Amino acid sequence: MLGTFDRAAAQRGYQVYRQVCASCHGLKHVRYQYLQKIGFSKAQVKAIAAEYQVRDGPDDEGEMYDRPGKPSDTFVGPYKNKKAAQAANNGSYPPDLSLITKARAGGADYLYALLTGYQELPPANVDLVPGKYYNPYFPGGQIAMAPPLLEGVVTYDDGTVATPKQMAHDVTTFLAWASEPELEQRRRLGIQWLIFLSIFTIVCYLLKRSYWKIIKKKSSNS
Amino acid sequence: MAKQSQNPYRHPFVRWIEHRLPIISFFEHTLKHYQVPKNLSFLWTGGFIAGFMLVVMIITGILLAMHYIPHPDHAFDSVERIMREVNFGWLIRYLHANGASLFFLVVYMHMFRSIYYGSYKSPRELLWIIGMIIFLIMMATAFLGYVLPWGQMSYWGATVITNLFTAIPWVGDSILEWLLGAPYVGAPALNKFFALHYLLPFLMFLMVFIHVWALHTNGSNNPTGVEPKTAEDTIPFHPYYTVKDLLSITAFMVIFAFFIFFAPNFFGEPENYIPADPMVTPAHIVPEWYFLPFYAILRAIPDKLGGFVAMISSILVLFALPWIDRSKVRSLTFRPISRALFWVFILDVIILGWAGAKPAEGNYIIIGQFATAYYFIHFLILVPLVSRFEKPSGLPESLSAYYKNSCHD
């Protein structure tokens, strides 16, 4: 009941997101500084933010300009807008991942299954559309995203061996956190409230019983 | 001076207030001197919980409105900002979203309790009708509120439901355009929905006062349906029912807290965490669970206008219940045939809800149609007939006599 996010897995998952997913998928509801909550240091977050160019302005001359990202910026997406995203992906739109585990039935389990569920050869009865890939976990079975987590696509900083399953697990952990950053606080608070309310309910029960004793007694005597 | 001598209070401040505004004696009159049947079960605490939920919804709603932006470009993102950046914003929003579901749950129990124990019968017809008006406003408020997060289900739910108005002959299209401020669901509609969603709960609050006023005029019904006759039959509301309501509400809050903290999206649709997209229709559009039976009735009729009329009628028929049910005996405890019919009716509503959640195809439609037919047969044929001819059995002399027996068990 007191679920916590595995910090090391979430950090590795960030690395997978940064090096693989981020080339097509945004994360626009997350600010760089939030990464401190999964264990990155302040300096690391500053460096991560500075890797991005943020369009800002207008300046005093009325011109828009690019500047390095700050920890208080939200993640800069890979495309200027939805149309640009579709133009770059054969008409398909890679969804923003900020809410991905909440926005899919099955949540994190669905995401992990999808990432590890690609099949190279579709069943004989499936007529695969050119440019699509077969993945039984995707609604309709045909997905525009190529299998993203191939052997060797990421080399982990912490030395963990980046097998496709390990990467899927890590990035799922990271994105589950990105979808519900309040989860740990919520459950901690939930335990406190449930304990408090349960005790309060018992107290109210005893109070009610003592008040009603006389009514019950009178009624059964009369 | 004569008035002052009637002032029964000793404390100077209380006396001072009472002399200028007799509010102290008013509360004493409505709580302490208000005599209530002594045999009310826990089902009679539902009204108090519903009132409590209305207050919770208004408070959390006002807090949300301080951060929410009613515009298609910002609505979804502003809700996410509440979830992530407003202090305890996630708690406020989850209280509000889950609160709506539990509010409906409590109100449905409150209504089914009235139906089972015949609480709508003379002299409480108006009490029932005011309650039905509260229910109607509540449905409208819930529908409008569900649109505000501007997710896929918000948008498409609003599109499907407002589109029903086009079924009205001649003026349908004009009504739709007037309601939405445009021929489609967009920025003007969202802004209007927000304004109305903020307004209607206060109207509900007012109606709740009138509901309680009507209740206190003739007093509560009770599980026997037999009116209290002697002083022995009743007890003062305070402290006996205040303490019972208190117990009920704390137990209820344990359940409420469980959903908020551990399953906050249990009642929600994952689809609504995808921003509204007028170009992409969801695979199947479903309303929130509390609308599913009515949604099934809407879809049971293959004609748009027909479905609309059937759905409205399924609610309007409840208004007429005090006159549809002809029996003088209130409680179904003493009406065995009607009691059996009641449970079949509950089953029918559950089947309707289940059918409403399924895609509109094949057997689901046929099951929905049978359940819809039965819904109307129940109210228009079975209840009027059975209530006229059924012989009640075991009706007690007084509620005290019945209560005494149940105390011995």
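I'd like the orientation of helix B:399-408 relative to chain B: the angle between its Cα long axis and the longest Cα principal axis, in ° from 0 to 90, rounded to 10. For B:399-408 against chain B, the angle is about 80 degrees. Potential lengthening of the chain between residue B:35 and residue B:81 amounts to 11.6 nm, from the contour at 0.36 nm per residue minus the alpha-carbon distance.
Averaged over peptide B:313-320, the number of partner chain Cβ atoms lying within 10 Å of each residue's Cβ comes to 0. Farthest towards the positive end of the charge dipole of chain B, among the residues B:266, B:204, B:373, is the Cα of B:204, using unit charges on the Cβ of Lys, Arg, Asp and Glu. Only Lys, Arg, Asp and Glu carry charge here, each on its Cβ (+1 for the first two, -1 for the last two); on that basis chain A has a dipole of about 1960 debye about its Cα centre.
At the residue level, residue A:201 shows approximately 20 square angstrom of accessible surface with a 1.4 angstrom probe and all protein chains present.
Counting only DSSP H runs of at least 4 residues, each contributing -39500 (n - 2.57), and dividing by the residue count of chain B, the helix-based mean residue ellipticity at 222 nm comes to -21000 deg cm²/dmol. Near the amide H of residue B:151, within less than 5 Å, lie the amide hydrogens of B:276, all on another chain or at least 5 residues away, with H placed in the peptide plane. Ranked by solvent-accessible area (1.4 Å probe, protein heavy atoms only, all chains present), the residues B:211, B:29, B:284, B:216 order from largest to smallest as B:29, B:284, B:216, B:211. Taking θ as phi - 60° and the Karplus parameters 6.51, -1.76 and 1.60, the scalar couplings of the range B:203-215 work out to 5, 4, 4, 4, 5, 4, 4, 5, 4, 5, 4, 4, 4 Hz in sequence order, x denoting glycine and proline. Approximating the spin labels as points 7 Å out from Cα along Cα→Cβ, the residue B:109-to-residue B:346 distance works out to 1.2 nm. Taking amide hydrogens as placed 1.01 Å from N in the peptide plane, the amide H of residue B:36 sits under 5 Å from those of B:235, B:237, each at least 5 positions away in sequence or on another chain.
Pairs of Lys residues in the range B:272-409 that lie 8 or more places apart, or on two chains, and have C-alpha atoms under 27 angstrom apart add up to 4. Once the Cα-Cα distance is subtracted from the 0.36 nm per residue extended length, the residue B:19 to residue B:202 segment shows a gain of 62.9 nm.
Phi-derived couplings, Karplus 6.51 cos²θ - 1.76 cosθ + 1.60 at θ = phi - 60°, listed residue by residue for the range B:106-119: 5, 5, 5, 5, 4, 6, 5, 4, 4, 5, 5, 9, x, 5 Hz, with x used for Gly and Pro. Total Å² of accessible surface buried at the A-B contact, 1.4 Å probe, nearest 100? Using a 1.4 Å probe, the pair buries roughly 3700 Å². For residue B:55 and residue B:315, a Förster radius of 25 Å and the Cβ-Cβ distance give a FRET efficiency of 0.50, rounded to the nearest 0.05. Excluding ligands, DNA and RNA, the accessible surface per residue across the protein assembly as shown is 51 Å² with a 1.4 Å probe. The apolar share of the surface of chain B, taken as the fraction of accessible area on carbon and sulfur atoms (1.4 Å probe, ligands and nucleic acids excluded), comes to 71 percent.
The angle separating the long axis of helix B:46-65 from the principal Cα axis of greatest extent in chain B is about 40 degrees.
Mind checking the angle between helix B:237-262 and chain B's longest principal axis? C-alpha axes, 0 to 90 degrees, to the nearest 10. The angle comes out at about 20 degrees. Amide H contacts of residue A:162: A:156, each under 5 Å away and 5 or more positions distant or on a separate chain (H built 1.01 Å from N in the peptide plane; Pro and chain starts excluded). With the whole protein complex present, residue B:406 retains an accessible surface near 60 Å², based on a 1.4 Å probe.
The label-point distance for residue B:328 and residue B:377, in a model that sets each label 7 Å from Cα toward Cβ, rounds to 3.1 nm. Sorting A:182, B:28, B:361, A:151 by accessible area puts them as A:151, B:361, B:28, A:182; the probe is 1.4 Å, largest comes first, and only protein heavy atoms count. Label the range A:40-111 by shape, choosing from rounded, prolate and oblate, from the square roots a ≥ b ≥ c of the eigenvalues of the Cα gyration tensor; if a/c is under 1.5 it is rounded, and otherwise prolate applies when a/b is larger than b/c, oblate when it is not. Taking the square roots of the gyration eigenvalues as a ≥ b ≥ c, the range A:40-111 is oblate.
Among the trypsin sites (Lys or Arg not before Pro) in the range A:152-212, none sits in a DSSP loop with a Cβ that has at most 12 other Cβ atoms within 10 Å. Working from Cα pairs under 8 Å separated by at least six residues, relative contact order for the range B:286-390 is 42 percent.
When the residues A:6, A:59 are ordered by accessible surface, computed with a 1.4 Å probe over the protein chains alone, the sequence from largest down reads A:6, A:59. Take the Cα of residue B:280, step 7 Å toward its Cβ, do the same at residue B:167, and the gap between the two points is 3.0 nm. Sparse packing (at most 12 other Cβ atoms within 10 Å of the Cβ) combined with a DSSP loop state is found for the following trypsin sites (Lys or Arg not before Pro) in the range B:1-63: B:10.
For the range A:144-222, which chymotrypsin sites (Phe, Trp or Tyr not before Pro) pass both filters: DSSP loop (anything but H, G, I, E, B) and at most 15 other C-beta atoms within 10 Å? Qualifying residues, ordered by number: none.
Return the FRET efficiency for the residue pair residue A:188, residue A:156: r is the Cβ-Cβ distance, R0 is 30 Å, and the value is rounded to the nearest 0.05. It comes out at approximately 0.50.
Taking 0.36 nm per residue of separation and subtracting the Cα-Cα distance, full extension of the segment from residue B:398 to residue B:218 would add 63.1 nm.
Note on residue A:165 and residue A:126: with the Förster distance fixed at 25 Å, the Cβ-Cβ geometry gives a FRET efficiency of about 0.55. What is the total of Lys pairs in the range A:128-222 with C-alpha atoms under 30 Å apart, excluding same-chain pairs fewer than 8 positions apart? Taking the Cα cut-off of 30 Å, the pair count is 4. Take each residue of peptide B:254-265, count the partner chain Cβ atoms within 10 Å of its Cβ, and average: the result is 5.
The values are calculated or read from the model by the stated rules, or taken from the named source; none is laboratory data. Only a predicted model underlies this, so the values are computations on that prediction, with no experimental measurement involved. With ideal geometry, Cβ positions are generated from the backbone for all residues, glycine too; neighbour counts draw on all protein chains shown. Just the protein is used for accessible areas: all its heavy atoms, side chains included, with ligands, DNA and RNA removed. Shrake-Rupley method; radii C 1.70, N 1.55, O 1.52, S 1.80 Å.
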